[in-house]
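The values are calculated or read from the model by the stated rules, or taken from the named source; none is laboratory data. Just so it is clear, the model here is predicted, and its values are computed rather than measured. Cβ atoms come from the backbone with ideal geometry, glycine included; neighbour counts cover every protein chain shown. To get the accessible areas, we keep the full protein, side chains included, count just its heavy atoms, and leave off ligands, DNA and RNA. Shrake-Rupley method; radii C 1.70, N 1.55, O 1.52, S 1.80 Å.
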Amino acid sequence: MLTAASTLTLLTSVGQAWAADAAADSATVEELVVTAERRETNLQATPIAISAFAAQSLADRKIDNIRDLAGQIPNLSIGRVTISHTTQTYSLRGVGESDPIQEPVLAVYVDDVYIPRQIGSMVEFNDLERIEVLRGPQGTLYGRNSSAGALRIITRDPGRDVRLKAEVGAGNYGALDVRALAEGPLSDTLSGSLSYIHHQRDGVTEDPTLGHDVNRINLDAYRGKLRWTPTDRLDAQFTLNALRDRSDSRSYIPVRQPGGGFDPQKSYSEVEPKQDLDQISGSLRIKYKLTDKLELKSISAYGGFDLNPVAYDNDGEAALIQKNLIHYNDQYATQELQLNGDYGRATFTTGLFYLHERFFVQRDGYSRRNALATNPAVTPANYNFLRAHNVTDTDAYAVFGEATWSLTDRLKLTTGLRWTNEDKTFTFDNGVLNLAGQVTAQSIKGQASKTWAAITPKLSVQYQWTSDVLGYLTYSKGFKSGGFDNRATRLDLATLPFAPEEVITYEGGLKSELFDRRLRANLAAFYNDYQNLQVSFYDPAYVGSRRGNAGQAHSYGVELETDAALTDNLAAQVSAGYLFAVYDEYKGAGGAGVNADGHRLTNSPRWNLSGGLNWTVPLNIPGSLRLGLNAQWQSSIVTSATPAAGGQNLIPAQGFLNAVATWTAPDPHWQVVLSGRNLLDSDKPVSSTYTPSTGVYYLNFPDPRTVLVTIRYAL
């Protein structure tokens, strides 16, 4: 176990090594090239708040999936625990979507293809080229609306060289991690790659009711790419992704446990946490250079998932309080056309975007009406047994564009504009169930539809103060369309649309490289003004979750990211985020007369800090040894807009420590990696749900300390 004393010893050794060698070193920070503006630009010349991770940085931190990024990006909250392994929720700069079936406010793109739901958005990585996180509205450069930001996952395209990679990892809790890749030319103009991931782990939570461990992981992911480059002007690539996830749905930890004690690693759920997710998508990307300055790009995609069944107990107790047996099916098609121009003093991107999505839900919900410990077979009147059976059809159209003019050698002006039109149709046919899950009567049936449209601008000015310092100011507007509540079980609520969410963002930033490029320091400050913030809340009069709008909210904050090359062998990273986020007007957040005006936004820590070291140890041994250490800390958060007086919805401040040791053999094709997560074995809760009207009170805890030993071969 890594103790405070051993950590201090390591840091002391690092300091001594740096003091001895710094004068002779000529180390510089790695140059980062991003494509956030739809063309390759240096990170430091891109006037957007971006967190970028290149392949080596990801390897140094042993980041194998999106969730591994939790705590490492300023003001981005990535849920460490969600309803299933491949479902992920996000909150950026105070605004997020805690209900995983809703459209995300943080748009996720995998190789430029938009992922329309948070279900299935927790991507496992293999042969990753880069990750980019763009903070603030992203509508004038990207196909789908994005009121909070965008997460871009960019995998490596197949090239002309033969590449082979394979790694096998084993760890505690029966962990087995296998990742493999083969890439190379198939002809003079055709190349391809195949990727495979198997991730498996036993449960980390005991369930005495079921008699076995729960919160297990078991998934397989596949990716194939074919790239055709018959000329210097044409580049066409087909990508096929498939995922089979048989991990458990999440088993929650009830606060009320038998015997009066409490164990953070015990759930008493009586529901077998079954989850069968099959997901597939295919995309065709075509790039054609019309001239040396003008490029046309097309991205066509079709995909979806079938999640059937997914069963979970929404209370964690060995009693029927809230149980859900669900079938989700999602199918989507997207088409994006871009025209990108670079004429020296003027660059631009303009495009068209279309999305069609069909989201099907069948949810059998068994909910207790009150907090009385009753038997549903004896007193069925104390329960709601309802089936939601509905389809949401979405057709979204957009025209967008952005242009940058170099007014002088140092001063640039960027203008952008987006027009969005979204049609949604909600069809529902709900029923009343008995305890055996049979439909006994009609509940509600009908259809509703509505169209929303918006024009969202962007204006930005940037100034290159010196060759190493860039400043920028940006005004932008974001939009997330309205919709219908697919959890509704009353006719008036099913046909009542919730309003679009709009945000106006003001942002200023400085990007700098100092001390002969030994230090990169990027600073951003922002203010967000939200109207009709979309929220899911529990309504005691309705005895269930509802979808609606908070009237107004605002957030402001500061974000700092630094990378330092202390010596040729030692690098450090430090990031910090400060966030103030509150509801200005939120009536009825906890039912009639219970308002949240002035309350904190959920999942919005006031402070979040991250720091890391990467050290190539100067030891006289065969091969080389590289050590990485990363620590994260965040202040407390609330998980409800109307937190309980007893602190049941308050999540305390907490920190995490991860470490990686990589030994590269004298034959550099071979590596052995020892990695550990949550080394301090933090057991503070990371989320909570407290509903006094039904007696539900459960917590979620992070995975305990895990260790993985990986053997890697790369050619």
Potential extension, ARG358-ASP232 segment - 0.36 nm per residue separation minus Cα distance:
41.5 nm
Cα-projected label distance for THR189 with LEU473, points at 7 Å along beta-carbon direction, nm:
5.2
Does segment 95-196 come out rounded, prolate or oblate by the C-alpha gyration tensor, with a ≥ b ≥ c the root eigenvalues, rounded set by a/c under 1.5 and, if not, prolate when a/b is larger than b/c and oblate if not?
oblate
Once the piece of chain linking ASP429 and ALA55 is laid out straight, how much longer is it, given 0.36 nm per residue of separation minus the C-alpha distance between them?
129.8 nm
Heavy atoms only, probe 1.4 angstrom, no DNA, RNA or ligands counted: give me TYR90, TYR268 ranked by accessible area, highest first.
TYR268, TYR90
Range of Cα positions in segment 187-268 per principal axis (Å), largest first
73, 20, 12
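Which order do you get for TRP663, TRP465 if you rank them by accessible area with a 1.4 Å probe, largest at the top? Could you put the intermediate results ahead of the total?
Values: TRP663 95, TRP465 145 Å².
Ranked from most to least accessible, the order is TRP465, TRP663.
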I want to check the label-to-label distance for LEU650 and ALA453. Put each point 7 Å from Cα in the C-beta direction and report it in nm to one decimal.
4.9
Of the listed pairs LYS293/LYS477; LYS165/LYS458; LYS412/LYS480, which have alpha-carbon separations greater than 31 Å here?
LYS165/LYS458
Distance between segment 210-283 and segment 330-344 - C-alpha centres, whole angstrom:
29
HN-Hα J in Hz across segment 459-465 - Karplus 6.51, -1.76, 1.60, θ = phi - 60°, x for Gly and Pro:
9, 9, 10, 10, 9, 8, 4
Applying the Karplus parametrisation 6.51 cos²θ - 1.76 cosθ + 1.60 with θ = phi - 60° to the phi angles of segment 514-523, what ³J(HN,Hα) value in whole Hz is obtained for each residue in order, glycine and proline being reported as x?
10, 6, 6, 6, 7, 10, 10, 9, 10, 10
Amide H of GLN654 versus every other amide H placed in the peptide plane: which residues, excluding those fewer than 5 positions away on the same chain, fall under 5 Å?
GLN634
Which value, in Å² and to the nearest 10, is the accessible area of PHE359 when all protein chains are kept and the probe is 1.4 Å?
0
Quick check: net charge around TYR690, other residues with Cβ under 13 Å of its Cβ, Lys/Arg +1 and Asp/Glu -1?
0
In degrees from 0 to 90, rounded to the nearest 10, what is the angle of the helix 4-21 Cα long axis to the longest principal axis of the chain?
20
19 Å reach of a label modelled at GLN552, 7 Å along Cα-to-Cβ, counting backbone N of segment 598-615:
598-602
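Near ALA581, within a Cβ-to-Cβ distance under 12 Å, what is the net charge of the other residues, with Lys and Arg +1 and Asp and Glu -1? If you can, show how the numbers build up before the last one.
Numbers: positive: ARG93, ARG600, ARG606; negative: ASP529, ASP584.
For residues surrounding ALA581, the net value is +1.
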Residues with amide H under 5 Å from that of SER146, placed H, sequence gap 5 or more:
GLN138, PHE479
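Rank-order 633-639, 116-122, 187-193 by packing density, defined as the average count of other C-beta atoms within 10 Å over each peptide's residues, highest first. Write down the numbers at each step before the final one.
Details: 633-639: 19.1, 116-122: 23.6, 187-193: 15.0.
Highest mean packing first, the order is 116-122, 633-639, 187-193.
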Net charge around LYS450, counting only other residues with Cβ within less than 13 Å of its Cβ (Lys, Arg = +1; Asp, Glu = -1)?
-4
Kindly list the residues of segment 294-322 that lie in the label zone of ALA403, defined by a backbone N under 18 Å from the point 7 Å along the Cα-to-C-beta vector.
294-296
Taking 0.36 nm per residue of separation and subtracting the Cα-Cα distance, what length does fully extending ALA714 through LEU296 add?
147.0 nm
Could you tell me the accessible area of ASP213 in Å² (1.4 Å probe, neighbours in place), rounded to the nearest ten?
70
Whole-Hz ³J(HN,Hα) from phi, Karplus 6.51 cos²θ - 1.76 cosθ + 1.60, for segment 202-212, glycine and proline x:
5, x, 10, 10, 8, 10, x, 5, 8, x, 8
Under the 7 Å Cα-to-Cβ spin-label approximation, VAL162 and GLU129 lie apart by a distance in nanometres of 2.3
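Say R0 is 56 Å: what FRET efficiency, to the nearest 0.05, do ARG410 and GLU270 get from their beta-carbon distance? Intermediate values should be presented prior to the final figure.
Values: r = 67 Å, r/R0 = 1.19.
Result of the calculation: an efficiency of 0.25.
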Residue-averaged 222 nm ellipticity for the chain, from DSSP H runs of 4+ at -39500 (n - 2.57), nearest 500
-1000 deg cm²/dmol
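Using a 1.4 Å probe and counting only protein heavy atoms, arrange ASP568, ASP529 so the residue with the most accessible area comes first.
From most exposed to least exposed: ASP568, ASP529.
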Would you tell me the accessible area of VAL105, worked out with a 1.4 angstrom probe on the heavy atoms of the protein chains, in Å² to the nearest 10?
0
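May I ask for the percentage of alpha-carbon pairs in the chain that lie more than 49 Å from each other? All intermediate terms of the calculation are to be shown ahead of the outcome.
Working: 33796 of 255255 pairs.
Distances greater than 49 Å cover 13 percent of the Cα pairs.
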The lysines whose Cα lies under 22 Å from the Cα of LYS289, excluding any fewer than 8 residues away in the same chain, are LYS225, LYS297
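Between THR440 and VAL255, what FRET efficiency follows from the Cβ-Cβ distance if R0 is 30 Å, with the result rounded to 0.05? Before the final figure, lay out each step's value.
Details: r = 34 Å, r/R0 = 1.13.
Efficiency, from the Cβ-Cβ distance: 0.30.
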Rg over Rh [alpha-carbon atoms, Kirkwood Rh] for segment 642-689
1.35
Which percent of Cα pairs goes in each bin when the distances of segment 566-611 are cut into 5 angstrom slices starting at zero?
5, 17, 16, 13, 10, 9, 8, 6, 5, 4, 4, 2, 1
How much accessible area per residue does segment 32-179 have, counting only protein heavy atoms and a probe of 1.4 Å, in square angstrom?
23
Ranked highest first by average number of other Cβ atoms within 10 Å, how do 392-402, 675-685 line up?
392-402, 675-685
When the Debye formula is applied to the Cα atoms of segment 617-709, each taken as the same point scatterer, what base-10 log of I(q)/I(0) results at q = 0.15 Å⁻¹?
-0.70
